[in-house]
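A short reminder: the numbers here are calculations on the coordinates, not readings from a lab. What you see is a predicted model; the values in this text were computed from it and never measured. Ideal geometry is used to build each Cβ from the backbone, glycine not excepted, and the neighbour counts take in all protein chains shown.
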Amino acid sequence: VNTALAINDGPCAFRYPRLTAESQDIVCGEDILEIGKAKIEREGERVAIICYGLTLSHGLKAADELAQYNLSPVVV
């Protein structure tokens, strides 16, 4: 929301999914994110898991499972 409020040179929209979302343990900060840049949720190497929105919890779970195979993916 803070990023959307900072946009002053063009339109901005919010998307609300129709389905019920599972509980997220993600804390939203007050940071203003740079448009066009990704946020790295977990550092890693050799493998990348790229998530958007509600799929982040699945990406983090997949990273945990890959750790059992000595892989440490970055989660974006």
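Please compute the net charge surrounding N70, taking Lys and Arg as +1 and Asp and Glu as -1 over other residues with Cβ under 14 Å from its Cβ. Net of charged neighbours comes to -2.
For the peptides 8-16, 34-42, the ranking by mean Cβ contacts within 10 Å, running from highest to lowest, is 34-42, 8-16. Taking Lys and Arg as +1 and Asp and Glu as -1, the other residues whose beta-carbon sits under 12 Å from that of C51 total +2. Estimated at 0.36 nm per residue, the fully extended path between N8 and A62 surpasses their Cα-Cα distance by 15.7 nm.
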